[in-house]
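Single-structure report; data block below.
The values are calculated or read from the model by the stated rules, or taken from the named source; none is laboratory data. Bear in mind that the values here come from a model prediction, so they are computed numbers and not experimental data. So basically every Cβ, Gly included, is an ideal-geometry build from the backbone, and we count neighbours across all protein chains shown. Just so you know, the surface numbers come from the protein's heavy atoms only, side chains and all, with ligands and any DNA or RNA stripped out. Shrake-Rupley method; radii C 1.70, N 1.55, O 1.52, S 1.80 Å.
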Amino acid sequence: MIRIAAVGDIHMGPDSQGLLRPAFETLPECADLLLLAGDLTRHGTPEEARVVAREVRDLGVPVVAVLGNHDHHDDRPDEVTAILRDAGAHVLEGQGTVVTSGGARIGVAGTKGFGGGFVGRCAGEFGEPVMKEFVRYSRRCADSLRTSLEQLGEEGCDARIALTHFSPVPDTLAGEPLEIYPFLGSYLLAEAIDTAGADLAVHGHAHAGTEHGMTSGGVRVRNVAQPVIGRAFHVYHLPVHEHATAGAAAQAAR
């Protein structure tokens with residue numbers, strides 16, 4: 001059994017240094033890796049990123065992360081990424097990585113993702129250039145997620161996980177105002193996940209949302225925003241199997 005620890009939206013700043021470290025130090029006892037689903041900082045400053053870096057350095061388990069919208073606010077995402085990578089974290093944007101733990105090869109494909117809404121109530125590539133670029137950016141994020149998941153499938157991973165900040169499904173947004181759903185996620189992410197196949201999809205961003213959801217193709221989706229899970233991280237379990245496929249997504253993640 002593969003144990004996946006995950007949390008998002010920890011929004012760390014100088015006054016929260018050390019807040020999560022005691023819990024994170026227990027990870028080798030209960031998890032095979034830690035996923036960070038974006039919004040790791042409050043405003044995306046290098047100072048805040050260094051706080052996060054000290055929380056996740058030398059934890060004894062691999063750390064895989066994506067950035068969130070807050071991590072882009074100061075327009076220095078490359079610096080934030082570099083600081084986290086210097087601390088040993090795998091920070092993904094349109095990429096995949098394979099980590100090995102307990103003899104299992106775990107593939108994680110990651111992108112921040114973006115908004116646009118969900119089937120039947122979504123933005124389209126029509127009208128003003130800024131609106132078309134909004135949707136095209138969401139599509140590029142989704143396309144990179146699909147490609148990364150497909151590449152991980154070719155590598156014969158024992159499990160594949162899609163890690164995003166924005167949500168791929170409306171299920172995990174339940175509790176948020178309907179008016180802001182288009183700014184919380186995009187159906188394009190779910191299409192990418194279902195097309196390429198995955199065993200689990202993890203996201204954050206929706207602080208007032210719901211933990212459990214599912215894509216139309218049967219992939220389990222978990223909203224791990226810290227205000228939702230109410231703890232330093234939550235652990236999900238996946239069966240170990242070879243050459244993860246879309247059909248494996250029907251396996252339950254507890």
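Remarks
- Compactness of the chain is given as radius of gyration and Dmax, 16.7, 53 Å, from Cα positions.
- Taking every DSSP bridge with both residues inside the chain, close to 40 percent are antiparallel.
- Fully extending the segment from Thr210 to Glu125 would add 27.7 nm, taking 0.36 nm per residue of separation and subtracting the current Cα-Cα distance.
- Using a cutoff of 8 angstrom between alpha carbon atoms and counting only pairs six or more residues apart, the relative contact order for the chain works out to 21 percent.
- In this structure, the amide hydrogen of Ser101, modeled 1.01 Å from its nitrogen in the peptide plane, lies closer than 5 angstrom to those of Ile106, counting only residues at least 5 positions away or on a different chain.
- Residue among Leu27, Ala89, Met1 farthest towards the positive dipole end of the chain, charges placed on Cβ: Met1
- Cα gyration tensor shape of region 66-161, rounded if a/c is under 1.5, else prolate or oblate by comparing a/b with b/c: oblate
- Simple spin-label estimate for Glu79 and Asp15 in nanometres, 7 Å along Cα-Cβ: 2.2
- Computed over the alpha-carbon pairs of region 180-224, the distance histogram in 10 Å steps reads 27, 59, 14 percent, short to long.
- Near the amide H of Ala65, within less than 5 Å, lie the amide hydrogens of Leu36, His90, Val91, Leu92, all on another chain or at least 5 residues away, with H placed in the peptide plane.
- Mean ellipticity per residue at 222 nm, deg cm²/dmol - from DSSP H runs of n ≥ 4 across the chain, formula -39500 (n - 2.57): -8000 deg cm²/dmol
- The share of accessible area on the chain that comes from carbon and sulfur is 52 percent, using a 1.4 angstrom probe.
- Accessible surface calculations at 1.4 Å, restricted to protein heavy atoms, place region 100-254 at 42 Å² per residue.
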